[in-house]
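To start, the structure under review is shown below, and the notes come after it.
The values are calculated or read from the model by the stated rules, or taken from the named source; none is laboratory data. None of the values given here were measured: they were computed from a predicted structure. When we count neighbours, we look across all protein chains shown, and the Cβ atoms used for this are built from the backbone with ideal geometry, even at glycine. Accessible surface is based on the protein model in full, side chains and every heavy atom, while ligands, DNA and RNA are left aside. Shrake-Rupley method; radii C 1.70, N 1.55, O 1.52, S 1.80 Å.
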Amino acid sequence: RNEVVPHLGLAPRAIYQRFGSAVADIDPEVWVRRWTAQVATHRAHGTDVVCTDVRTQRELQVAIDSGAAVWRIRRAVAGAPGVLGRHRTETALANVADDRFHTIVTNDDTLAALYGRVDALLDAIPR
């Protein structure tokens, strides 16, 4: 998703960033409204929900306000490369204090180790 597609001259991530920003510039609530509606539908059917990506202060606040357990995943080499990594959706939460999150998970080992950490945290959530 970070490699330039020759006939477009852009990486897919750049296209996603431009599209997402253009839509949010027209309607700042578009993404949180859609997320909130989808979560409500799933929860009404008794289904747990995992959102794997929160990119803005507004998204973070909506998740917290909805009662979500919001986790920060830390990985030393995470993120988009170069100019793609400087887009507002890549940086908006970089300076948010860790105490805004329910849990900080460090991803500094194997994928199996990360899964083990996540499974243990999920098992600890009261239902």
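Quick notes on this structure:
- Principal semi-axes of the equivalent ellipsoid, √(5λ) from the alpha carbon gyration tensor of the range 65-127, are 24, 17, 9 Å from largest down.
- Amide proton proximity set for residue 105, modelled H, under 5 Å, gap of 5+: 72, 73, 74
- On Cα atoms only, tilt of 12-26 relative to the major axis of the chain in degrees: 80
- Residue-by-residue Karplus 3J(HN,Hα) for the range 49-60, coefficients 6.51, -1.76, 1.60, Hz, glycine and proline x: 10, 10, 9, 8, 7, 10, 10, 10, 4, 5, 4, 4
- Average accessible area per residue (Å²) across the range 28-127 - probe 1.4 Å, nucleic acids and ligands excluded: 71
- P(r) for the chain, from all Cα pairs and a bin width of 10 Å, is 10, 34, 37, 17, 2, 0 %, short bins first.
- Panel note: the C-alpha atoms of the range 1-51, placed on their principal axes, show extents of 45, 24, 12 Å (largest first).
- Accessible carbon and sulfur surface of the chain relative to its total accessible area, %, 1.4 Å: 57
- Within the chain: Cβ-based charge dipole about Cα centre, in debye rounded to nearest 20 (Lys, Arg +1; Asp, Glu -1): 240
- Ordering 114, 45, 20 by the projection of their Cα atoms onto the charge dipole of the chain, which places +1 on the Cβ of Lys and Arg and -1 on the Cβ of Asp and Glu, puts 20 at the extreme positive end.
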